Each structure stands twice: as C-alpha cells, then as structure tokens.
Amino acid sequence: MAPDVACMVSFFAKPCIEKEKGRDHSFRATWINKPFCEMSPAEQRSLTIISSFSEFVTSQKLRSKDFFSKFTDGDSSSLNVSDLMRGCTFMCLGGTLRTSVSTAPPSLEEVQELFTLIDTDGGGRLEYAELDLVIKLVQERKARNSRQENIFLKDTPDMTATELAARDFFVPLYKEMESRGWTAKDFMNQYDSDAGGELSGRELISAAKDLGLTMNENVVNNFDRALMLLDRDFNGALNTQELENILRFVRDSTLDGDAAASSIPNPFAAEVQQAEASAEKQKESMFRVFGLKAFIECLLKILSLACGDILSF
C-alpha cells in the first residue's frame, strides 16, 4: 500500500476504532444504570466509590488523570488496582468516602471488584478514558436521581421490593418523629454521634431501633438498596437536607392518602340519606294529619257552644 494511502486509511480508521472502543466501554458499564433492586452488592459499593470520587475531583477542579497520576507506579498513562486503592485511601483520609465512624472505608477486595467492573478489556490496566466514561455515567444517573418522582405515592402492588423497604422504614420513622415534634435537624442532632453531618445506613437502622421501631424482613434485606434509591449522591449516607426531602415525600404521600380516602364515596351514604328523607316525610305527614284533626275538633267545639247559646235563648 502506498504511504499516502496508508496515512489516509489510518486517518479515517482511528476515529472508527476509538468510537468502537467507546461503544464497548459503554456496553460494559451498563451496570451503572441498573435498577437498584437488580444491583449486586459489589455494583452498589462500586457506584458509591465512583460517586464519591466524582464529587472529590469536581470539588478540587481536577481531572481523573491529574488526581491519580500522583499514585501510579511507573506508567502514568493508566492505573492498576494498587493505584486505584491508593487513591481511595487518600480520599478516605480526606473524609470523602468514609462518611461516619460506622461506615468502613473500601477494602482492597471492594476496590478490586470496582476495577474489574470498569476494566472493560480485562487487561489489568485501567485507562483514563474508561474511568472518565464511568464517572460521566454516574454523574448522569445522579442527575436523573435528583429529579425522581415521589416513590411513596405509588400503590403497593406497583412497588418494587426496594421501594417497599424504603416505605416500611421511612413512613414509621416519619410518624415517630411527628409524635415527638422532631425535625430532620433534631433527628440528626440526636443520632449524629461523630458530628459528621451525615448518618450512614447502619446509623439510621440503629436510630430506628432506639426509637422502638421494628423492621420487617424485606427492610432488613433491602435497606442498603432503598437508601441508595433515596440518597441523591449515592454515598451511602443521608445528610440533613436529604432526610428533609425524604420526610417531605412521606408527608406529601400521607396527605395525598388522606385526601384520596375522603374522596371515596360512602356506600351507605345514599341509604342513610334515603332513610332520613323518609323519616322526615313521615314526620311532616304526621304533623299534617294532626293539624287537620285538631282543626275539626276545634270547629265542632265552637259549633257545640254556638248551638248551646242559641237554645238558651
């Protein structure tokens, strides 16, 4: 092949190869957009780690390459598991991943699971393009999650196990807080023992038990997924604002339920109204009969008296 032709082929082929490669990355990253009820524990934890990393680099105005280049061994154009683990450890020390004393930082095994999920070619090295794509997909999902509808308004048959777990935990919690006159801030002040500004899933469960609330088997088995469903930043913990949003959803669903109940026609109302109308009609009829009889009696008495007076003359 002539050099000029080879250059031309290379020029047009490279974008196609890159496009196909990007397509493969996207295909392998479909786990990010799975419903939470279908995610494996490894996928849930990986989503939390990537989400926290995304927030960290965004707050620091860094690219993933700028951040991880500090931790790479030798080849700075890609990452291995050890590089990724060092980056996660750095973020944990900065408080980004470890939201509270009851939330353990990622283990090497969990970081390995994350690496396997996003290493699309299985080569043991993670290219920054792969990492950046995953970060972008997580950011897009977080944006969609922030605009989610109120799941507490759903009818029970339409709810997933994850949504039922959320309802069966947060509705009783809302009612208990209402009975105590607590706001979301009061609740956080009561149970945020490390003053970290957030409560992890474990702390929320502990707080519910302290308030005397019981949890069914579905809540126990699906609470982590339920928390992710309502946790807008996927970090596995709730801050005051996030808890306020959830309680507002619950309150709205309660008010909506009361309004719906009041709008349901009473099947006995028509019969009651008919009975009342019949009784009233009977009453009026009785009054009319009694009035006529009394009138006749009065007339007879007047005539009797009149006749007596005439005879006396």
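Could you please give the count of residues in region 30-42 that are surrounded by 17 or more Cβ atoms within 10 Å (Cβ to Cβ), under 15 Å from Ile135 (Cα atoms) and not β-branched (Val, Ile, Thr)?
Adding up the residues that qualify gives 1.
So, Thr48, is that one open to solvent by 60 Å² or more (accessible area, probe 1.4 Å), modelled with pLDDT of 85 or more and not in a loop (DSSP other than H, G, I, E, B) or not?
Considered against the rule, which asks whether it is open to solvent by 60 Å² or more (accessible area, probe 1.4 Å), modelled with pLDDT of 85 or more and not in a loop (DSSP other than H, G, I, E, B), Thr48 comes out as no.
Every residue, every condition in (1) in contact (Cβ under 8 Å) with a residue 24 or more places away in the chain; (2) within 25 Å of Ser179 (Cβ to Cβ); (3) touching a Gly at 6+ places or on another chain (Cβ under 7 Å), yes or no:
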residue	(1), (2), (3)
Asp194	yes, no, no
Leu199	yes, yes, no
Lys209	no, yes, no
Gly212	yes, yes, no
Phe223	yes, yes, yes
Asn235	yes, no, no
Leu247	yes, yes, no
Ser253	yes, yes, no
Going by what's in this entry, would Phe115 be described as free of Cβ contacts under 8 Å to residues at least 60 places away in the same chain, assigned to a helix (DSSP H, G or I), among the aromatic types (Phe, Trp, Tyr) and out of contact with any Asp or Glu (no Cβ under 6 Å at 6 or more places or on another chain)? yes
State all residues of region 173-186 that are open to solvent by less than 50 Å² (accessible area, probe 1.4 Å) and within 18 Å of the chain's Cα centre (by Cα); if no residue qualifies, say none. Leu173, Tyr174, Ala184
Restrict the check to region 115-124 and report whether at least one residue is among the small types (Gly, Ala, Ser), under 23 Å from Lys65 (Cβ atoms), at pLDDT below 90 and open to solvent by less than 40 Å² (accessible area, probe 1.4 Å). yes
Hey, can you tell me all the residues within region 32-55 that are more than 12 Å from Asp233 (Cα to Cα) and not small (Gly, Ala, Ser)? Ile32, Asn33, Lys34, Pro35, Phe36, Cys37, Glu38, Met39, Pro41, Glu43, Gln44, Arg45
Which residue, of Asn150, Asn218, is more than 22 Å from Leu117 (Cβ to Cβ) and more than 13 Å from the chain's Cα centre (by Cα)? Asn218
If a residue must be within 16 Å of Leu47 (Cβ to Cβ), open to solvent by less than 50 Å² (accessible area, probe 1.4 Å) and part of a loop (DSSP other than H, G, I, E, B), how many such residues does region 187-242 contain? 5
Check region 80-88 and report whether any residue there is in contact with an Asp or Glu (Cβ under 6 Å, 6 or more places away or on another chain) and not in a loop (DSSP other than H, G, I, E, B). no
Of the residues in region 146-160, those that are β-branched (Val, Ile, Thr), open to solvent by 20 Å² or more (accessible area, probe 1.4 Å) and assigned to a helix (DSSP H, G or I) number 1
Sole residue being open to solvent by 10 Å² or more (accessible area, probe 1.4 Å), modelled with pLDDT under 90, of a type in the set (A, V, I, L, M) and closer than 23 Å to Val219 by Cα, chosen from Ala143, Ala104, Ala129: Ala104
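The values are calculated or read from the model by the stated rules, or taken from the named source; none is laboratory data. Source: prediction; values computed, not measured. Virtual Cβ from ideal backbone geometry, glycine too; neighbours counted across all protein chains shown. Surface accessibility is based on the protein's heavy atoms, side chains included, excluding ligands, DNA and RNA. Shrake-Rupley method; radii C 1.70, N 1.55, O 1.52, S 1.80 Å.
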